[in-house]
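Input: a single structure, listed below in structure tokens.
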Ligand code: GA4
């Protein structure tokens, strides 16, 4: 259950909402500001085809409605933490009140995803969705580069690499009501209708995260002053957050924001999350253009994404991982 001592703000009017149809230099300035102050923002008028989005949502609903034994057959034929999971997160014993499907984005469907059944429709929905959100992520990364005055495709070229190590995650958080009925608890047991941790607090290790949810809330973002702020759901928007690697590349100018998902209310929450990462052998370090323009020495030493990922998977979800890579 979410601890009462954790301070929660009621509204999310402090979350930046950026209209991507506005003038480019204005949008780029707003994005940089949001990444420097919070590391999180929403975009509207983003240009992603609504049919691609709704097909992805329909296929997720269809997938999660299957019996658990059938969902467990979703095993990509690749190494890594991929496939269907129920409550377990990572390798170190973290758990949450949700189920998910974690997929590498360079899968060829259906040959590399065996379902023991029909995965063609889900596969084609995922392929189209990944292509669309990757395009959006690259557009936003180019706007960041522009706003930071670093060479134009500094960030997006890492995501566009053919062997980019990006991941798609489909999450299904049952409502508190459903959790209550599945535990056989009485309707009067109020503790079971309190928010419960779906996906515990953490930062995302990659470069940039692109999240979309159905119309059910649950995502919360940690503000620098220590407040947790619920993000109001908007199925027509995308939520973007800075990941650890982008914090390093910007030498700490951008914040890799802590966030979490809680279960609430009467409806199930579905989220689709694209984690844009570089290829595993990419060397990550603070950008020289940022160092030259700022007054800080490089705050992090150079490491590869493979090194960092190995370290990430050896820790618990909520652990701070960047400190050990600091150079001073
Ligand atoms: C958080 C962001 C992505 O969901 C993810 C997660 C990964 C996993 O579920 O396998 C991790 C988590 C995430 C960070 C710490 C480690 C690894 C679970 C965990 C305990 C897919 C990712 O890349 O890092």
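The table below lists the values:
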{"quantity": "Potential extension, residue 106-residue 58 segment - 0.36 nm per residue separation minus Cα distance", "calculated": "15.1 nm"}
{"quantity": "Cβ-based exposure ranking for 275, 238, 64, in which fewest neighbours within 10 Å come first", "calculated": "64, 275, 238"}
{"quantity": "Theoretical FRET efficiency, 1/(1+(r/R0)^6), r = Cβ-Cβ of residue 285 and residue 51, R0 35 Å, to 0.05", "calculated": "0.30"}
{"quantity": "Residue 36 versus residue 320: modelled label distance in nm, points set 7 Å from Cα along the beta carbon direction", "calculated": "2.3"}
{"quantity": "Exposure proxy order (Cβ contacts within 10 Å, fewest to most) of 287, 317", "calculated": "317, 287"}
{"quantity": "The stretch 224-280 - Rg (one decimal) and Dmax (whole number), Cα, Å", "calculated": "14.2, 42"}
{"quantity": "Separation of alpha-carbon centers, the stretch 28-77 and the stretch 282-306, rounded to whole Å", "calculated": "30"}
{"quantity": "Span from the the stretch 216-267 Cα centroid across to the the stretch 78-100 one, whole angstrom", "calculated": "20"}
{"quantity": "In nm, spacing of pseudo-spin labels at residue 302 and residue 131 (7 Å Cα→C-beta vector)", "calculated": "3.6"}
{"quantity": "Segments 131-144, 69-82 sorted - mean Cβ within 10 Å per residue, highest first", "calculated": "131-144, 69-82"}
{"quantity": "R0 of 35 Å, Cβ-Cβ distance residue 88-residue 44: FRET efficiency to nearest 0.05", "calculated": "0.55"}
{"quantity": "At q = 0.10, 0.12 Å⁻¹, base-10 log of I(q)/I(0) for the stretch 189-288 (Debye sum, equal scatterers on each alpha carbon)", "calculated": "-0.33, -0.46"}
{"quantity": "Fewest-first sequence of 228, 305 by Cβ atoms within 10 Å of each Cβ", "calculated": "228, 305"}
{"quantity": "CD proxy at 222 nm, helix term only [per DSSP H run n ≥ 4: -39500 (n - 2.57); per residue of the chain; nearest 500]", "calculated": "-8500 deg cm²/dmol"}
{"quantity": "Whether the stretch 20-325 is rounded, prolate or oblate, judged on the alpha carbon gyration tensor where a/c under 1.5 counts as rounded", "calculated": "prolate"}
{"quantity": "Taking the chain and dividing mean pair separation by its residue count, relative contact order in percent (alpha carbons under 8 Å, at least six apart)", "calculated": "22"}
{"quantity": "Point-to-point label distance, residue 14-residue 310, nm (Cα→Cβ direction, 7 Å offset)", "calculated": "4.0"}
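Only the coordinates and a few stated rules stand behind these numbers; no lab work does. All values reported here derive from a predicted model rather than from experimental measurement. Every residue, glycine as well, gets a Cβ built from its backbone with ideal geometry; the counts of neighbours run over all protein chains shown.
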